[in-house]
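Colleague: Here it is, the structure in full.
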């Protein structure tokens, strides 16, 4: 009896050891897989380098208000020599463009979510509760206030005696700048699931043009709101609602007779302004936006790459991947360079011809030629959600924690030829993949 008992005990121990080994090995493999997955999802760390151009922070101010929990459409607006900003708690403020001096501040008692827009003597903001509010540019005094019954998550377009406003319900409203009365409304179907955000309307000639959540770009006649043309930029693919997201949330860019639009999980498209006819299109995914110069189109993709394509035919010319997953804003062109901001509150200057890094600056902080910025992650409170603005020889950026900063840089001809090169990620012509965004019901 002793031998069988010993044998049974030994077998039991062996089974427990094997099970333990299996669990241990499985946990190790699972842990490694989780670590690899987490690393693949983390924002790309910034490799430090000394700035190659002499950036200067001209001024910096703080706008009253709290850091929003959800992504809002609160950006900056410039009209003449004034800069306008707003916060979610209802503060609307005006600053001098050259100095940053606060000119006036007005509390509108509404949870603001879109704007401001400025023009024709008005500053227009929109709220989460569907209100559109107009103030005087001169002193912030109230002009009019109306309700469109849909959250406003983008700035209005002002011109032609109208303020054109988008709501999240797929409607675009033409409002009188005199009293806010509705002149017309145009509508597109809204899918059940979409990204959080709406395209800013743009005015071009006698047309008001905007992208919509159904992947289409539509132009309506400013005088009466009738649809002039309607073109698909995104086409839904896949079996799930997430895979079929095709929002055109990035503003349509008008340049002469051309329009440029990009859809999330869709296409980058060049259109004819008057007819909406597609000149060329290529697969590209972006919910942030693009910038255009006479030779090229620059896009911040959904996965955090910055891509340059040929304006004439859409051929890819370079891709900068060193900002992957850093939730970039749309790029802007400033003195021959490409400027883009990220969710860590960092502004990046890139060489337009090559995509190489030229300089960096943290919003709100001073900067110099020898400044270096390194980052392993991002601080979401410092996030820059809105596209930087170029005005008065400055680049303006507005972070989610309410800091507005103005920077200047010399023209490319003034850059010293002997400046040391910054470390670069290699350019690639590989297709740009789509990345996850912020879907909402």
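The values are calculated or read from the model by the stated rules, or taken from the named source; none is laboratory data. Keep in mind the model is a prediction, meaning the values are calculated, not measured. Every residue, glycine among them, receives a Cβ derived from its backbone with ideal geometry; neighbour counts consider all protein chains shown.
Colleague: Name the pairs: first residue in region 255-276 and in contact (Cβ under 8 Å) with a residue 60 or more places away in the chain, second residue surrounded by fewer than 16 Cβ atoms within 10 Å (Cβ to Cβ), Cβ to Cβ under 6 Å, at least 6 apart or on different chains?
Modeller: 273/257
Colleague: Just the residues that are at pLDDT below 95 and either assigned to a strand (DSSP E or B) or more than 17 Å from the chain's Cα centre (by Cα) (or both), please, taken from region 68-85.
Modeller: If the condition is that a residue be at pLDDT below 95 and either assigned to a strand (DSSP E or B) or more than 17 Å from the chain's Cα centre (by Cα) (or both), then 73, 74 are the ones that fit.
Colleague: Please state which one of 432, 403, 363 is at pLDDT below 95 and closer than 22 Å to residue 295 by Cβ. Step through it out loud before you land on a result.
Modeller: Details: 403 fails: closer than 22 Å to residue 295 by Cβ; 363 fails: closer than 22 Å to residue 295 by Cβ.
Step by step, each of 432, 403, 363 is checked, and only 432 is at pLDDT below 95 and closer than 22 Å to residue 295 by Cβ.
Colleague: Across region 88-121, what is the number of residues that are closer than 23 Å to residue 250 by Cα and crowded, with 21+ Cβ neighbours inside 10 Å?
Modeller: 8
Colleague: Quick check: is even one residue across region 314-325 crowded, with 24+ Cβ neighbours inside 10 Å, touching a strand residue (DSSP E or B) at 6+ places or on another chain (Cβ under 8 Å), modelled with pLDDT of 95 or more and part of a strand (DSSP E or B)?
Modeller: yes
Colleague: Among the residues of region 399-413, which ones are without any contact (Cβ under 8 Å) to a residue 60 or more places away in the chain and surrounded by fewer than 20 Cβ atoms within 10 Å (Cβ to Cβ)?
Modeller: Scanning region 399-413 gives a single hit, 413.
Colleague: What residue, of 155, 117, 163, is outside any loop (DSSP other than H, G, I, E, B), in contact with a strand residue (DSSP E or B) (Cβ under 6 Å, 6 or more places away or on another chain) and within 25 Å of residue 343 (Cα to Cα)?
Modeller: Answer to the check: 117.
Colleague: Just to check your reading of the model, which residue among 328, 396, 350 is surrounded by 18 or more Cβ atoms within 10 Å (Cβ to Cβ), at pLDDT 95 or above and farther than 20 Å from residue 48 by Cα?
Modeller: 396
Colleague: Of all residues in region 226-246, which are modelled with pLDDT of 95 or more and in a loop (DSSP other than H, G, I, E, B)?
Modeller: Scanning region 226-246 gives a single hit, 226.
Colleague: Counting only residues that are in a strand (DSSP E or B) and within 16 Å of residue 258 (Cβ to Cβ), how many does region 272-304 have?
Modeller: Total satisfying the criteria: 14.
Colleague: Separate question: Step by step: first the residues of region 138-152, then only those that are surrounded by fewer than 11 Cβ atoms within 10 Å (Cβ to Cβ) and modelled with pLDDT of 95 or more, then the one that is nearest to residue 176 (Cα to Cα). Which residue is that?
Modeller: The initial filter retains those residues of region 138-152 that are surrounded by fewer than 11 Cβ atoms within 10 Å (Cβ to Cβ), namely 139, 141, 149.
Remaining after also requiring modelled with pLDDT of 95 or more: 139, 141.
Working: 139: 20, 141: 18 Å.
Among those that are surrounded by fewer than 11 Cβ atoms within 10 Å (Cβ to Cβ) and modelled with pLDDT of 95 or more, it is 141.
Residue-by-condition table, conditions (1) within 29 Å of residue 95 (Cα to Cα); (2) at pLDDT 95 or above; (3) crowded, with 18+ Cβ neighbours inside 10 Å:
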{"residue": "132", "(1), (2), (3)": "yes, yes, yes"}
{"residue": "160", "(1), (2), (3)": "yes, no, no"}
{"residue": "164", "(1), (2), (3)": "yes, yes, yes"}
{"residue": "172", "(1), (2), (3)": "no, yes, yes"}
{"residue": "179", "(1), (2), (3)": "yes, yes, no"}
{"residue": "184", "(1), (2), (3)": "no, yes, yes"}
{"residue": "197", "(1), (2), (3)": "yes, no, yes"}
{"residue": "204", "(1), (2), (3)": "yes, yes, yes"}
